[in-house]
1. Can you give me the pair-distance distribution of the stretch 166-217, C-alpha pairs, 10 Å bins, whole percents?
2. Could you sort out which of 60/92; 2/92; 98/118; 36/160; 60/98; 92/132 sit more than 25 Å apart by Cα distance in this structure?
3. Considering the stretch 84-133, what Rg and Dmax in Å follow from its alpha-carbon atoms?
4. What number, rounded to the nearest 500 deg cm²/dmol, is the helix-based mean residue ellipticity at 222 nm of the chain, given -39500 (n - 2.57) per DSSP H run of at least four residues and division by all its residues?
5. Along the charge dipole of the chain, Cβ charges K/R +1 and D/E -1, which of 90, 152, 109 sits furthest on the positive end?
6. With a 1.4 Å probe and all protein chains left in place, how much accessible area per residue does the stretch 29-118 have, in Å²?
7. Please compute the volume of the convex hull spanned by the alpha-carbon atoms of the stretch 125-193 and report it per residue in Å³.
8. Hey, got a sec? Which GluC sites (Glu not before Pro) in the stretch 13-109 land in a DSSP loop and have at most 14 other Cβ atoms within 10 Å?
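The values are calculated or read from the model by the stated rules, or taken from the named source; none is laboratory data. If you're wondering where the values come from, they're calculated on a predicted model, not measured in any experiment. Because the Cβ atoms are built from the backbone with ideal geometry, glycine has one as well, and the counts that use them run over all protein chains shown. Note: accessible area is taken over every heavy atom of the protein model, side chains too, but ligands, DNA and RNA are not part of it. Shrake-Rupley method; radii C 1.70, N 1.55, O 1.52, S 1.80 Å.
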Amino acid sequence: GKTTMVLNWLDEIAITQRLPWVHYTLEMSSEEIVNKMIGIRAGVSTQKIEKGNVTDEEYKRICDATADYYAGGLIVRDDLTTLEAISADIRKLLRSKKIRGASIDYIQLMQKERSFNKQRYEELGDISGALKNDIAKKFDIPVVILSQLSRSAIKADIAKAEDGAGSYKIAQDSDIYITLKEKSLEEIQEGGGIENGNLVMNLDKNRGGQADVLTDI
């Protein structure tokens, strides 16, 4: 759900508003991301697009969405995985493309070129701190980091920042921290059916604003 949510944001930011933005995908290929973006904008599932099993009306929407995508401002990278490489690329794109922000999917797959035998949670904390202080604050741009939840979130009624996997410093560094948790079948049925959503989004931390806001999505 987290990738789909962020790509919906980027559809508005980079495609509709045409603001330059870079998205680093460490799990999916850039081709998969582009196809997913086009499917989101066209309102057609990626599986239907890949199989070519679409109606004439859906095909027209796909064509329009494809044209919109390539006229937009989204840059997708799938070949960079280290903090140093991503930070250098962001600096370059700030100069050459005047990007307005960056997103990384997802932080647990990032590495540091030199970790000096630190524990993994310490390394993730260093990565999070560098993205905040050396990129977001220094250049005054938003950096959206996607992160996995830990196994403790499965048993929790509401997923919170402390359920994040890897390092709690990711939550400490964040100005806004949102969690997504799948509803159980019982929760879906009791909540009025699938049309009311199959996920619960929790705005768990909102520096300077209201927090603990739950939304069905």
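1. In whole percents, the pair-distance histogram is 25, 40, 25, 10.
2. On the way: 60/92 36 Å; 2/92 27 Å; 98/118 35 Å; 36/160 27 Å; 60/98 32 Å; 92/132 17 Å.
Flagged as over cut-off: 60/92; 2/92; 98/118; 36/160; 60/98.
3. Here Rg and the maximum Cα pair distance are 12.1, 36 Å.
4. On the way: 9 runs with 84 residues, N = 217.
After summing the helix terms and dividing by the residues of the chain, the value is -11000 deg cm²/dmol.
5. Working it through, the farthest residue towards the positive pole turns out to be 90.
6. Values: 5130 Å² over 90 residues.
Dividing the accessible area of the stretch 29-118 by its residue count gives 57 Å².
7. Numbers: hull volume 6.4 nm³, N = 69.
Residue-normalised Cα hull volume stands at 93 Å³.
8. Working: sites: 27, 31, 32, 50, 57, 58, 84; in loops: 27.
For GluC sites (Glu not before Pro) across the stretch 13-109 that sit outside H, G, I, E and B with at most 14 neighbouring Cβ atoms in 10 Å, the list reads 27.
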